[in-house]
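The structure appears below as structure tokens.
The values are calculated or read from the model by the stated rules, or taken from the named source; none is laboratory data. Keep in mind that this is a model prediction, so the values were computed, not measured. Cβ: placed from backbone, ideal geometry, glycine included. Neighbour counts: every protein chain shown. These accessible areas exclude ligands, DNA and RNA; they are computed on the full protein's heavy atoms, side chains included. Shrake-Rupley method; radii C 1.70, N 1.55, O 1.52, S 1.80 Å.
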Amino acid sequence: MSTTTTSFGREAAAALARSKNEPDWLVAVREEAAELAARLELPKPEKMPIQRWPLDRIGEYRPGAAVADAGRLPAAIAGQLPEKPDGAVIVQHNSSVIYTQVPPEWTAQGVVVCSLEEAVRTQEERVRAHLMTAYAREEHRLAALHAALWNGGVYVYVPRNAELTAPIQALLYADDPEATFAPHVLVIADANSRVTVLEHASSGLAGEGAGLVHNGAVEVFAKSGAHVRYAAVHHMDAGTVDVVYRRAVCDADARVEWIVGELQGGNALTDTKTILKGGGSASDTKVIAVGTGSQRESLTTQAVHIGRASESTMVTRAVMTEEATAIINGVTKIEKGATKANGQQAEKVLMLSPKARGDANPILLIDEDDVKAGHAASVGQINAEQVYYLMSRGIARAEAERLIVHGFLEPVVSEIPLESLREQLRRILERKLG
Amino acid sequence: MSALFEIRGLRAAVEGKEILQGLNLRIGGGEVHAIMGPNGTGKSTLASSIMGHPKYEVTAGEVELDGRNVLEMEVDERARAGLFLAMQYPSEIPGVTNADFLRSAINARRGEGNEISLIRFIRQMEAKMKELDMNPEFMHRYLNEGFSGGEKKRNEILQMMMLEPKLVILDEIDSGLDIDALKIVAAGVNAMRSPERSFLVITHYQRLLNYVKPDYVHVMMQGRIVKSGGPELAERLEAEGYDWVKEELGIVDETVGQA
């Protein structure tokens, strides 16, 4: 059992930042954030009391051992990578990034993929202009703590008009329960560029995960006409807590796609929000979740329409088993002036046991008349007619139910843009759903 | 010759209301039997009770296929024993492709270690879809999701052709089909006729029986078979309706279990 650190103040933040040779501006930011963290309240997710989650547990800065080639990565991490990955690969192990590989032709084009810790020195101007601007440290205590503590991290810059056909794979992995595990992913896609990021967060803490907190954040900036596809699969072990705030800001005609698998074994608090700032911008958010054991999950998707004729779709599908509880929130906000905006959302929860709970809360907040908005929500059990139909063709009950449950999640699974990640996701689903 | 399929004294209830009131029927190998009757006389209840729909409770009687008691089996066991019901309202199963579903169904009856090879399965499915004039894309569509009424019926027949059952029950397979689709569906059924396979065709109308010639025709009223005959009985019903049957048997209200 590790020591619980509940006091993390200005001095501790500054000392940690200095020990990592961070630039003065960042040291100052971290000091302020640590102060804020002491003052601010925890977020208050709808119908999900999180006060007793060990969210104030900080851990220590425990960098992983950097490696020069993929062959030397720890086996648990190497096993998650395709044998010959196309595109770029970046790996965070506990508190630091230990491996980065970027195709030389990308670098020649001006593409940057590196740890955020490196980028604060080498890409200072762009990082300062964007970091923690979509996810403000003032939002709540967890945001302030993240700003004070984030480590390792991923920085992606895609120059104007660059179209990256291969993905950037970011592996975030923790196996030290004492480590501070707080990666921040910052993606800046310049005008008319195209990029796909696949993020995979997991842990090797089976049986000893008690209390490890992943306090993560993702910020995506899609400049005018840029298309960003961000797929994330999270399957941290039981006993860990996974907190992720994902934010995207779309300029005119930009498009952001989120494809998220919330397959954690422990409690989870995630919030995936796109701000459609520019006219004609669009977002598409697809989330699946599977809850087992006595997990508690608060899963929120949000779209904020500011630009005219901006469009958003959000779909969340959750399967809850055993005694798991999920609160699924969908918030579509259309600001005054966002004429011709169109926001659609749907949340569906399938409950596989009498003690499982699911709650779907669709919320539309509309301050403009000339718009379209819609929502659909359903919470229910496996349809007995569907089971009967499959059984009437000779399929045994357990297999019929398995087909129906996997089918329920398939519309999101099939959208995962990389075959190897899709197959990995299906394996995780098989394991979680039995 | 012993019957392939036999129903004796079958009684069944839905939500506490008894619908089938002691129904008897013997079907020999290779025979086609038609069951006709007005709405509300228990025809679909018969089909669902034989298949084992959870809402239908069998309260008395026996149903045997090849001498085996069907009523003691789970729904999936009945199917693997050789029963097939082409449903009036097939379920939609989102996220499960037609091909994955059918392969699971075929493998369920072949058993572990004896699964059909993917190539062979695809070839078979493509060939049968062609016979039914189905667009090949239906192979990868989610099962019945967004299918029109006619497409669903064709998909039921496709499943029948792939699963090669011993006793096929067609429940109102003709409803919602235009004449061209009806001919295709009927051709599919006729192609499956063989001395080892029997059919129970449930229908309102004579129309289907012009294309699928029955050996025997039964009239159902009040949850029982009240009259049986040859194909000429269907023709007379088509021409004259059901009133003469009611008159002959002294039946005033032919329906059963109606509120």
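Observations on the model:
- Taking 14 Å as the cut-off, the amide N atoms of the stretch A:160-196 that come nearer than this to a point 7 Å along the Cα-to-beta-carbon line of A:SER420 belong to A:166-172.
- Listed residues A:ARG52, B:ARG26 arranged by accessible area, highest first, probe 1.4 Å: A:ARG52, B:ARG26
- Of all DSSP bridge pairs formed entirely within the protein assembly as shown, close to 20 percent run antiparallel.
- One chain, two ends: A:GLU124 and A:THR339. Fully extended at 0.36 nm per residue, the span grows by 73.7 nm beyond their Cα-Cα distance.
- Only Lys, Arg, Asp and Glu carry charge here, each on its Cβ (+1 for the first two, -1 for the last two); on that basis the protein assembly as shown has a dipole of about 380 debye about its Cα centre.
- Accessible area of chain A belonging to carbon and sulfur atoms, whole % at 1.4 Å probe: 48
- If R0 is taken as 56 Å, the Cβ-Cβ distance between A:THR107 and A:ALA398 corresponds to a FRET efficiency of 0.65.
- With each label modelled as a point 7 angstrom along the Cα→C-beta vector, the B:THR255-A:ASP56 pair spans 7.0 nm.
- Amide H contacts of A:ASN361 (H built 1.01 Å from N, under 5 Å, at least 5 apart or other chain): A:ILE328, A:ASN329, A:GLY330
- Shielding score for A:401-410, defined as the mean number of other chain Cβ atoms within 10 Å: 4
- Since only A:TYR157, A:ALA201, A:LEU171 are under comparison, the one whose Cα sits farthest along the positive direction of the charge dipole of the stretch A:76-219, derived from C-beta charges on Lys, Arg, Asp and Glu, is A:TYR157.
- Estimated translational D of the protein assembly as shown in µm²/s (Stokes, Kirkwood radius over Cα pairs; 25 °C; 0.890 mPa s): 86
- Residue ranking by accessible heavy-atom surface, 1.4 Å probe, largest first, among B:GLU156, A:GLU430, B:GLU238, A:GLU31 comes out as B:GLU238, A:GLU430, A:GLU31, B:GLU156.
- Shape parameters for the stretch B:112-173, alpha-carbon atoms, Rg then Dmax in Å: 12.5, 37
- Taking all protein chains together, A:ASP271, A:ASP370, B:ASP178 sort by accessible area into B:ASP178, A:ASP370, A:ASP271, largest first [probe 1.4 Å].
- Calculated FRET value between B:GLU62 and A:SER378, using beta carbons and R₀ = 51 Å, to 0.05: 0.80
- Entries of B:LYS128/B:LYS153; A:LYS273/A:LYS355; B:LYS213/B:LYS246 with Cα pairs more than 19 Å apart: A:LYS273/A:LYS355; B:LYS213/B:LYS246
- A 1.4 Å probe, protein heavy atoms only, puts the accessible area of B:LEU65 near 10 Å².
- C-alpha long axis of helix B:231-240 to longest principal axis of chain B, angle in °: 70
- Solvent exposure of B:ARG207, expressed as accessible area, is near 80 Å², computed with a probe of 1.4 Å over the protein chains only.
- Screening chain A for DSSP H helices whose Cα atoms reach 15 Å or more along their own axis and whose mean Kyte hydropathy is at least 0.0 gives A:24-39, A:397-413.
- Calculated from backbone phi, Karplus (6.51, -1.76, 1.60) coupling profile of the stretch A:165-180 in Hz, x at Gly/Pro: 7, 8, x, 9, 9, 10, 9, 10, 9, 10, 9, 10, x, 8, 7, 7
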